[in-house]
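The values are calculated or read from the model by the stated rules, or taken from the named source; none is laboratory data. These figures come from a predicted structure and were not determined experimentally. Cβ coordinates were reconstructed from backbone atoms using ideal geometry, including for glycine residues, and neighbour counts include every protein chain displayed.
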Amino acid sequence: MAAPDPAELPKIIDLASREAARYLESIADRNVRDPRAEEVAASFRGELLEDGVGAERALEELVAGIDGAVHSAGPRFFHFVNGGATPAALGADWLASALDQNTGAWVASPLGGELEWIALSWLRDLFGLPAEWGGVLTTGATMANFVALACARRWCGLRHGVDVDDVGLSGLPPIHVFGSGYVHPSDVKALGMLGIGRAQVHKLARDGIGRLDVEALDAALAELDGAPSIVIGSAGEVNAGDFDPIATMADLAERYGAWFHVDGAFGLFAALSDRTRHLVEGIERADSVIADGHKWLNVPYDCGFAFVRDPSLQPSVFGEGAAYLPALDDPKPNWGYLGPEMSRRCRAFAVWATLRAYGRNGHRAIVERSLDLAQRLAAMVDEADDLERLADVPLNIVCFRAHPRGVPEDRLDELNRRIAAAVIADGRVFFGATAYDGKAAFRPAPVNWRNRPEDMDLIATVVRELAAELAPTRSS
Ligand SMILES: Cc1ncc(COP(=O)(O)O)c(C=O)c1O
């Protein structure tokens, strides 16, 4: 019978660290996805054992199955605007597992509790958000949106004289939510989970791309005649990295008394560079702002952050005590009373460590490197006669498609979708397809501190090669 034994720990930690180091050393030379990935993953299927195989063997099996993973920590994964993990963040995250801190209650980890407080204040400083705002670390941007929109929901209820966290939403008129066509699905999902309802989201787009119709937003807010509502600004949309006009939306929200929420899952990092800061001008006038940690901050999964202007809202929404739990008015931060989870992983270790290790300049350098790499790819696309850029590149996403000479417009979507599938199967680089202005397109995004110029060049090379292979001939 294999039961855990403290004596096995040194060997296990050594094995995990040796194999992880070996893996990470090799990651730049591996294809991003092994053609056998699904087969390798499926090889793990099997019944629960009565007697386990032991820790060493279990970990060896896991290591042997590494090709079932996608090597997204490496430099050539450009899908989904995913980040990597800086060395400091990775090391600190391992320590979070080793120390296994529960940062729900201050008493359970003063270190975790204090570092979350410090990490959040450093992040506010980094993004230019006011120091007195509330905040919390979450599992990612979806839950950060949930936290922010839960505070918005409470605020809307209070404007109607109702404590929705106590008595619920029934009896209240619908809460209308407005944004451009860029509103991210995670905001819509959060609104569904909050009982505000997905159907209350009104996307006021002035074109097929989704850009905000400012006049329509003005008119919609005016029509509400002061009834509380929520405006969502998108700081960095997922197809081309475009931004809603944040300052204009802040003006309108102020004029009509709406809650203004900004989803800056990756785009909030525009605040770090003089080259892009103008894109988020006005965020400090929002009521809530969120971003991801596991994207451009380059900390491991899972990590996001929510910031809320009125720090009294979070404890009212998320504080729920019990005799065995800390007092609700405990002056120390009990993070389980400020966000959805009670027991929670110590995400602060990784956030604190990467900010401490590399500082403002190091993280600005990561952002500016991504900006440069995106411009490099954009220039390659522009120079190639068989590639077509579909959008400006204000940030780090390059939206383009293959457009080989002679292929008619009505065959391009099918061709580009086939290329997208072939890119994943090919495995040298990795990115996905989208629909941009009704056209099938690619949207690779450098966000990982490991991305290099040659990795960007390979994106263009692979697409051109696959396009030449897959393009319909006159007879097909
Ligand atoms: C703008 C935006 N908001 C929210 C999210 C959701 O983030 P997460 O997957 O970390 O929950 C994303 C993720 O891609 C995003 O790009």
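For this structure, a couple of remarks:
- Against the conditions (1) more than 21 Å from GLY236 (Cβ to Cβ); (2) within 16 Å of the ligand (Cβ to nearest atom); (3) surrounded by fewer than 16 Cβ atoms within 10 Å (Cβ to Cβ), PRO173 satisfies every one except (2).
- Unique residue being more than 25 Å from the chain's Cα centre (by Cα), under 28 Å from GLY140 (Cα atoms) and touching a residue at least 12 places away in the same chain (Cβ under 8 Å) when the list is ASP213, ASP165: ASP165
- Per-region count, region 255-270, residues more than 13 Å from the ligand (Cβ to nearest atom) and surrounded by 23 or more Cβ atoms within 10 Å (Cβ to Cβ): 3
- Just so you know, in region 372-392 the residues that are out of contact with any Phe, Trp or Tyr (no Cβ under 9 Å at 6 or more places or on another chain) and surrounded by 21 or more Cβ atoms within 10 Å (Cβ to Cβ) include one that is farthest from HIS278 (Cα to Cα), and it is LEU373.
- Checking each residue in region 271-294 for being more than 13 Å from the ligand (Cβ to nearest atom) and in a loop (DSSP other than H, G, I, E, B) picks out SER273, ASP274, ARG275, THR276, GLU281, GLY282, ALA286, ASP287.
- When ALA425 is tested against the conditions (1) hydrophobic (A, V, I, L, M, F, W, C); (2) closer than 30 Å to GLU368 by Cβ; (3) assigned to a helix (DSSP H, G or I), the lone failure is (2).
- Qualifying positions in region 345-364 - assigned to a loop (DSSP other than H, G, I, E, B) and either β-branched (Val, Ile, Thr) or surrounded by fewer than 24 Cβ atoms within 10 Å (Cβ to Cβ) (or both): ARG345
- Sole residue being in a loop (DSSP other than H, G, I, E, B) and over 30 Å from ARG369 (Cβ atoms), chosen from PRO300, PRO311: PRO311
- Some residue of region 354-364 being under 30 Å from ASP457 (Cβ atoms), touching a Lys or Arg at 6+ places or on another chain (Cβ under 8 Å) and not assigned by TED's automatic domain parsing to the domain that holds ALA144: no
- Any hit, region 243-261, residues being in contact with an Asp or Glu (Cβ under 7 Å, 6 or more places away or on another chain) and among the small types (Gly, Ala, Ser): yes
- Just so you know, in region 142-160 the residues that are in contact with a helix residue (DSSP H, G or I) (Cβ under 6 Å, 6 or more places away or on another chain) and of a type in the set (A, V, I, L, M, F, W, C) include one that is nearest to the ligand (Cβ to nearest atom), and it is PHE146.
- Looking at VAL317, VAL398, just one residue is outside any loop (DSSP other than H, G, I, E, B) and touching a helix residue (DSSP H, G or I) at 6+ places or on another chain (Cβ under 9 Å), and that residue is VAL317.
- Residue identified as in the same structural domain as VAL201 (by TED's automatic domain parsing) and under 17 Å from GLY128 (Cβ atoms) among ASP310, ASP329, ASP287: ASP287
- Scope region 30-88; condition assigned to a strand (DSSP E or B) and more than 16 Å from the ligand (Cβ to nearest atom); matching residues: ARG33
- Selected residue [buried (at least 17 other Cβ atoms within 10 Å of the Cβ) and under 19 Å from the mean Cα position of the chain (by Cα)] from GLY68, GLY112, GLY135: GLY135
- Within the set LEU415, LEU458, LEU466, LEU470, the sole residue that is surrounded by fewer than 20 Cβ atoms within 10 Å (Cβ to Cβ), among the aliphatic types (A, V, I, L, M) and over 24 Å from ASP372 (Cα atoms) turns out to be LEU470.
- Residue list for region 113-138, restricted to those being in a helix (DSSP H, G or I), among the aliphatic types (A, V, I, L, M) and within 16 Å of the ligand (Cβ to nearest atom): LEU123
- Checking ARG124, ARG76 one by one, the residue that is within 30 Å of PHE430 (Cα to Cα) and basic (Lys, Arg) is ARG76 and no other.
- Failed criterion for ASN31 (all others in (1) closer than 14 Å to ILE66 by Cα; (2) surrounded by fewer than 13 Cβ atoms within 10 Å (Cβ to Cβ); (3) polar (S, T, N, Q) hold): (2)
- Test: residue in region 221-236 that is within 30 Å of PRO444 (Cβ to Cβ) and in contact with a Pro (Cβ under 7 Å, 6 or more places away or on another chain): no
- Among the residues here, ASP213 does not qualify as acidic (Asp, Glu), under 14 Å from SER180 (Cα atoms) and within 13 Å of the ligand (Cβ to nearest atom).
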